[in-house]
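Q: Have a look at this one before I ask anything.
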Amino acid sequence: MNDMTTETFSFDDVSEAKIPGIIAKYPAGRQASAVMPLLDLVQRQMARLTDHAWVPRAAMDVVADRLAMPRMRVYEVATFYTMFHLKPVQKFHLQVCTTTPCWLRGSDAVLDACRHAVATHGDMFSMEELECVGACVNAPVLVINDDYYEDLDGARTEALLEAFRRGDAPKPGSTIGRQNSAPEGGRTTLFADVTKHDTGADS
Amino acid sequence: MPKVTVDGIELEVPNGFTVLQAAEAAGKEIPRFCYHDRLSIAGNCRMCLVEIEKMPKPVASCGQPVGEGMVIFTDTEKVRQSRRNVMEFLLINHPLDCPICDQGGECDLQDEAVGYGRDHTRYHENKRAVTDKNFGPLVKTVMTRCIQCTRCVRFLSEVAGVPELGATSRGETMEITNYVERGLTSELSGNIIDLCPVGALTAKPYAFVARTWELRKTDSIDVFDAVGTNIRIDARGSEVLRVLPRINDAVNEEWLADKSRFAIDGLKRKRLDRPWIRQNGKLQPATWDAALSAVVARLNGAEPGRIGAIAGNLCDAESMMALKDLLVGLGSPNFDCRQDGAVLDAGNRALYLFNTTIEGIDEADAVLFVGVDPRREAPVLNARIRRRWVENTGFVAGLIGPYADITYGCTHLGEDGAALRALLDPAHEFTVKLAAAKKPLVIIGQQALARPDGAAVFAACWQIAEAAGALTADWQGFNVLHNAAARVGGLDLGFVPADGGKDVAGMVAGGVDVLWLLGADEIDMAALPPDVFVIYQGHHGDRGAARADIILPGAAYTEKPGTYVNTEGRMQLAQRAIFPPGEAREDWTILRAVSALVSKPLPYDDIEALRQRMGEANPVFASPDTVRRIAPQVGLTPKGDSGQLSDAKFTAAFATYYQTDPISRASPTMAKCVTDILPPAMPAPVQQAAE
Ligand code: SF4
Ligand code: FES
Ligand code: FES
């Protein structure tokens with residue numbers, strides 16, 4: 001296991017302020033249910049304070065003790081979900097969807113662009129491949145930290161990553177101006193004004 | 001009571017039975033890996049498939065409750081084929097390294113593969129490999145063999161109450177691990193070796209030592225605590241190679257504590273295998289003749305009232321009987337088996353037994369521990385109390401004594417006499433809870449009784465028990481928990497000072513000129529005046545032997561037939577597994593020989609006659625394996641006065657669970673446990689730079 005660390009962990013004031021609200025969502029005596037939100041809180045605090053989003057083992061112990069649950073049970077949860085990073089990731093964590101729809105729509109080019117970014121700016125970018133992230137309609141999809149960037153190709157991915165590197169904050173969503181998941185180039189149906197639509201069925 | 005039909009056999013089974021249990025009741029064997037009747041149901045191995053009429057697919061019988069009129073088939077072609085398929089999947093990632101696996105010959109997977117395995121594999125991809133884990137000095141892991149039945153995980157969290165194992169990751173990468181790479185801290189961790197259906201968890205000290213079919217198996221009784229765990233000793237030639245629990249639902253169910261399982265390598269070290277005589281301040285090897293004549297000369301030369309004897313913690317009742325008879329023959333009233341000086345009244349069994357009995361624990365709904373750490377002093381018994389806590393959400397537990405994590409929710413009420421005195425107040429919060437309980441237990445430990453005000457502690461506990469309704473006609477909840485296997489036997493035999501006799505403290509303070517230590521190593525040797533002549537009879541070169549003037553080599557518990565009475569008063573017989581080493585002899589025969597030489601021959605020449613004598617001394621010894629729940633006698637009151645209770649703190653019975661007696665102190669495995677498991681609650685993790 002590579003995720004051992006001598007670091008000690010404690011929640012800072014920002015996180016601490018959120019904890020009571022999180023725990024209060026669960027019935028009394030069932031506070032262990034808050035384990036996932038708290039681990040997420042840990043990961044966000046790490047990102048906020050160190051630019052590296054991850055969950056150190058010391059933090060899992062802190063969460064376990066806070067929720068009065070066996071530490072082993074927290075290790076189980078933290079290792080089960082790949083969203084919890086057991087090792088530090090870089091400031092921009094690139095998560096490339098490579099499942100069939102994205103792959104058919106050219107995720108290989110996205111992957112290459114990401115690989116290149118990690119190879120040249122490894123102090124800023126880290127990456128991993130994901131299974132379907134549920135946005136196939138705008139494939140191929142790249143998830144950067146919390147945001148989805150869609151309808152990518154190689155060139156647009158490179159430009160996107162370059163923007164991140166410069167410190168810009170590119171707008172999440174489709175990179176070709178698609179509205180949400182509407183058809184490319186605007187809508188192709190539902191042109192009629194539904195407010196005037198006569199159902200014709202009053203029986 | 002639903003009626004079911006299993007393979008044409010009609011039977012009625014209790015409500016809530018599973019199909020697997022019903023099949024067993026019908027005498028049908030169902031293969032299983034994950035199911036274990038003392039653990040929760042996991043249903044993850046799928047080996048227990050059966051067919052049930054009107055159900056389209058085979059069903060995992062271990063998790064399927066029976067229904068009225070169910071028709072179950074356990075051995076159809078479809079069932080067999082399904083099990084073959086399950087087996088094929090289980091073997092996909094199993095290394096099939098049986099020739100170098102310690103489980104070989106007693107492996108569930110191996111056994112079932114005989115019935116359901118294919119003779120070749122259809123899987124040509126790479127098998128998955130899993131890195132081995134560090135579970136400490138007792139449990140060896142070969143995790144590639146693991147079939148992820150989670151029995152070990154469930155045992156540690158459900159029975160042992162030390163949830164240190166779990167399954168990390170998922171799917172192909174799932175692993176059974178403690179994640180932190182340090183020793184398991186449960187005193188019952190060895191049981192996961194027995195539970196593991198494959199060779200993933202094996203005994204580390206026993207690695208590559210023997211095959212099961214080479215071993216001679218002997219039924220015996222464990223002596224490392226006073227629970228009287230039923231054990232099987234596996235020996236080859238003149239060596240004890242391992243100890244396993246035997247099933248006895250009334251005592252240990254099927255568990256065994258780690259010390260009892262792993263301290264046995266101490267039996268091969270520091271042994272006294274010949275007599276020794278101290279000459280010019282140094283112990284010199286001697287012959288039996290020389291040693292016995294020296295003993296006899298001393299005994300004959302001493303004033304009878306100045307001869308004394310102390311029996312240790314591991315003694316069999318036979319040798320204590322012989323020693324007592326010898327002393328009485330010599331005219332001495334000075335003998336005592338309460339090495340720790342516990343104030344125990346040998347006159348009435350109700351005043352020194354675990355009266356509720358171990359099985360009786362299953363009815364209890366509250367417990368107060370006084371001066372005892374049940375987890376370390378009686379791990380198996382503690383697991384039984386723990387089960388009550390698990391089953392019963394209202395279960396109340398409180399502890400007075402040094403703080404100890406006893407693996408279940410327990411209020412620490414304080415660590416001194418004042419805390420105990422506070423409970424005498426009927427308005428005390430805990431006293432109220434205890435009184436509200438229907439079947440409360442008050443469990444008092446040896447450390448509570450070994451204090452100068454032990455009698456007062458005893459009386460206070462008695463009062464608390466009485467007030468809580470633990471001393472009524474149908475519930476006897478007052479219990480003394482012993483931690484020495486020999487103690488109850490000694491008390492039953494009246495191995496306590498006769499009229500005018502001196503107790504351990506009196507003898508150690510110089511009340512005798514000749515002191516016979518029968519395996520007594522836990523008294524304060526430094527306090528013994530230098531001119532006291534010490535005869536040490538025992539099996540290990542431990543503290544007693546170091547102080548001795550003459551050493552008579554005796555036999556360890558594995559090397560003699562012996563009788564032991566456990567803390568609940570159950571008398572049990574242990575068989576001899578191997579012979580004592582070198583010139584060492586069975587203990588009672590040594591005493592018999594000495595008695596002849598001092599012309600006070602003991603009236604028994606063989607062990608049957610000796611046992612008959614024991615039966616006459618106390619009928620307990622005539623009825624093996626029985627306990628009687630003692631109804632509290634009317635008007636019985638202990639001698640002490642709770643008003644004399646001092647404020648002194650209670651102390652822990654031993655510094656470490658792993659080293660408590662001559663055998664475990666000689667055991668390298670136990671020494672390793674002390675260094676590897678105990679001290680750092682959480683060792684500083686390995687330093688690693690962030691990647
Ligand atoms: S180690 Fe053994 S007991 Fe534990 S899950 Fe694996 S096979 Fe089962
Ligand atoms: S396949 Fe990429 S989002 Fe579904
Ligand atoms: S024994 Fe039934 S699923 Fe394992």
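Q: Using a 7 Å offset from the Cα along the Cα-to-Cβ direction at both A:Asp12 and B:Lys3, what is the distance between the two label points in nm, to one decimal?
A: According to this spin-label approximation, the distance is 7.3 nm.
Q: Given R₀ = 22 Å, what would the calculated FRET efficiency be for B:Ala631 paired with B:Glu359, taking r from the Cβ atoms and rounding to 0.05? Walk me through the intermediate numbers first.
A: Values: r = 16 Å, r/R0 = 0.72.
With a Förster radius of 22 Å, E is 0.90.
Q: What is chain A by shape, rounded, prolate or oblate, if you read a ≥ b ≥ c off the alpha carbon gyration tensor as root eigenvalues and call it rounded for a/c under 1.5, prolate for a/b larger than b/c, and oblate otherwise? List each step's numbers first, then the result.
A: Values: a/c = 2.52, a/b = 1.39, b/c = 1.81.
The shape class here is oblate.
Q: For segment B:202-219, what does the Karplus curve 6.51 cos²θ - 1.76 cosθ + 1.60, with θ = phi - 60°, yield as ³J(HN,Hα) per residue in whole Hz, taken in order and with x for Gly and Pro?
A: Along segment B:202-219, the couplings run 10, 7, 5, x, 9, 4, 6, 8, 7, 9, 4, 6, 8, 9, 9, 9, 10, 7 Hz.
Q: Check cross-link reach from B:Lys600 to the lysines: straight Cα distance under 16 Å, and skip same-chain residues fewer than eight apart.
A: Excluding near neighbours in sequence, the set is B:Lys324.
Q: Take every Cα-Cα pair in segment B:451-591 and report what % of them are more than 20 Å apart.
A: On the way: 6023 of 9870 pairs.
Beyond 20 Å sits 61 percent of the P(r) for segment B:451-591.
Q: Next question, about the same structure. Could you work out the local net charge near B:Pro304, counting Lys and Arg as +1, Asp and Glu as -1, over the other residues with Cβ closer than 13 Å to its Cβ?
A: Numbers: positive: B:Arg298, B:Arg306, B:Lys502, B:Lys600; negative: B:Glu303, B:Asp513.
Surrounding charge for B:Pro304 is +2.
Q: Compute the FRET efficiency between A:Lys91 and B:Arg38 as 1/(1 + (r/R0)^6), taking r as their Cβ-Cβ distance and R0 = 51 Å, and round to the nearest 0.05.
A: Values: r = 51 Å, r/R0 = 1.01.
Given R0 = 51 Å and the Cβ-Cβ separation, E is 0.50.
Q: Let me ask you something else. In whole percent, what relative contact order does segment B:1-139 give with Cα contacts below 8 Å and a gap of six or more residues?
A: Details: 184 pairs, mean separation 30.8, N = 139.
Normalised by residue count, the contact order of segment B:1-139 is 22 percent.
Q: Continuing with the same structure: Which of B:Cys410, B:Cys101, A:Cys97, B:Cys337 has the fewest other C-beta atoms within 10 Å, and how do the rest follow up to the most?
A: Numbers: B:Cys410 23, B:Cys101 20, A:Cys97 27, B:Cys337 31.
Listed from fewest to most nearby Cβ atoms, that is B:Cys101, B:Cys410, A:Cys97, B:Cys337.
Q: Rounded if a/c is under 1.5, else prolate if a/b beats b/c, else oblate: with a ≥ b ≥ c from the C-alpha gyration tensor eigenvalues square-rooted, which is segment B:634-679? Before the final figure, lay out each step's value.
A: Details: a/c = 4.78, a/b = 2.56, b/c = 1.87.
Prolate is the answer for segment B:634-679, as a/c is 1.5 or above and a/b outweighs b/c.
Q: Describe numerically, in nm with one decimal, the distance between label points set 7 Å from Cα along Cα→Cβ at B:Lys78 and at B:Glu53.
A: About 1.3 nm separates the two model spin labels.
Q: Also: Can you check what the net charge comes to around B:Asn392, using other residues whose Cβ is under 14 Å from the Cβ of B:Asn392 (Lys, Arg +1; Asp, Glu -1)? Walk me through the numbers on the way to the answer.
A: Values: positive: B:Arg384, B:Arg386, B:Arg387, B:Arg388, B:Lys433, B:Lys438, B:Lys439; negative: B:Asp362, B:Glu363, B:Asp365, B:Glu391.
Net charge around B:Asn392: +3.
Q: Which FRET efficiency value, to the nearest 0.05, is calculated for B:Ala498 and B:Glu391 with the Förster distance at 41 angstrom and r the Cβ-Cβ distance?
A: Values: r = 46 Å, r/R0 = 1.13.
FRET efficiency, B:Ala498 to B:Glu391: 0.30.
Q: Let me ask something else about it. Which entries of B:Lys204/B:Lys259; B:Lys217/B:Lys259; B:Lys140/B:Lys672; B:Lys204/B:Lys672; B:Lys28/B:Lys217; B:Lys268/B:Lys672 have Cα-Cα distances beyond 18 Å here? Walk me through the numbers before you get to the answer.
A: Values: B:Lys204/B:Lys259 14 Å; B:Lys217/B:Lys259 20 Å; B:Lys140/B:Lys672 14 Å; B:Lys204/B:Lys672 12 Å; B:Lys28/B:Lys217 28 Å; B:Lys268/B:Lys672 16 Å.
Table pairs above 18 Å Cα-Cα are B:Lys217/B:Lys259; B:Lys28/B:Lys217.
Q: Quick one: Karplus J couplings for segment B:279-284, per residue in order, coefficients 6.51, -1.76, 1.60, θ = phi - 60°, nearest Hz, x for Gly and Pro?
A: Along segment B:279-284, the couplings run 10, 6, x, 10, 6, 10 Hz.
Q: Let me ask another. As I understand it, the dipole of segment B:481-631 uses +1 on the Cβ of Lys and Arg and -1 on the Cβ of Asp and Glu, about the Cα centre. Which of B:Leu610, B:Gly511, B:Val496 lies farthest toward its positive end?
A: Ranked along the dipole, the leading option is B:Leu610.
Q: Let me ask something else about it. Using only the alpha-carbon atoms of chain B, report the extent along each of the three principal axes, biggest first, to the nearest angstrom.
A: Each principal axis gives a Cα extent; for chain B these are 87, 64, 62 Å.
Q: Next up: Would you be so kind as to identify all helices of chain A, as entire DSSP H runs, whose Cα atoms reach 15 Å or more along the helix's own axis and whose mean Kyte-Doolittle hydropathy is at least 0.5?
A: Details: long enough: A:13-24 (18 Å, 0.63); A:35-50 (22 Å, 0.46); A:107-120 (20 Å, 0.41); A:154-166 (18 Å, -0.45).
Taking the DSSP H segments of chain A (at least 15 Å long, mean hydropathy at least 0.5), we get A:13-24.
Q: Could you give the nm distance between label points at A:Glu129 and A:Trp103, where each point is 7 Å from its Cα heading toward the beta carbon?
A: 0.7
Q: Here is a follow-up. On a full-extension model of 0.36 nm per residue, what is the gain between B:Lys649 and B:Asp524, subtracting their alpha-carbon distance, rounded to one decimal in nm?
A: Working: separation 125, 0.36 × 125 = 45.00 nm, distance 2.03 nm.
Contour length minus Cα-Cα distance gives 43.0 nm.
Q: At 222 nm, what helix-only mean residue ellipticity would the protein assembly as shown give, in deg cm²/dmol to the nearest 500, using -39500 (n - 2.57) for each DSSP H run of four or more?
A: -8000 deg cm²/dmol
Q: Just report the Cα centroid separation between segment B:521-554 and segment A:87-132, whole Å.
A: 74
Q: Measure out, as a whole number of angstrom, how far apart the alpha-carbon centroids of segment B:47-76 and segment B:471-492 sit.
A: Their Cα centres are 47 Å away from one another.
Q: Hey, another quick one. Report the Cα centroid-to-centroid distance between segment A:26-76 and segment B:300-339 in angstrom, as an integer.
A: Result: 62 Å between the Cα centres.
Q: Mind checking which of A:Gly173, A:Gly122, A:Gly29 has the largest fluctuation in a GNM of chain A, springs on alpha carbons under 10 Å?
A: A:Gly29
Q: Counting only other residues whose beta carbon sits under 11 Å from that of B:Gly166, what net charge do I get with K and R as +1, D and E as -1?
A: Net charge around B:Gly166: 0.
Q: Another one. List every residue whose amide H lies under 5 Å from the amide H of B:Val442, counting only residues 5 or more places away in sequence or on a different chain, with H placed 1.01 Å from N in the peptide plane.
A: The answer is B:Leu368, B:Phe478, B:Asn479.
Q: With a cut-off of 8 Å between alpha carbons and a minimum separation of six or more residues, what is the relative contact order of chain B in percent?
A: On the way: 1506 pairs, mean separation 103.6, N = 691.
15 percent.
Q: Kindly state, as a whole number, the per residue volume in cubic angstrom of the convex hull around the alpha carbon atoms of the protein assembly as shown.
A: Values: hull volume 225.7 nm³, N = 894.
Each residue corresponds to 252 Å³ of Cα convex hull volume.
Readers should treat all values here as calculations from the given coordinates under stated rules, not as data from a laboratory. Fair warning: this is a prediction, and the values are worked out from it, not measured in the lab. Cβ: placed from backbone, ideal geometry, glycine included. Neighbour counts: every protein chain shown.
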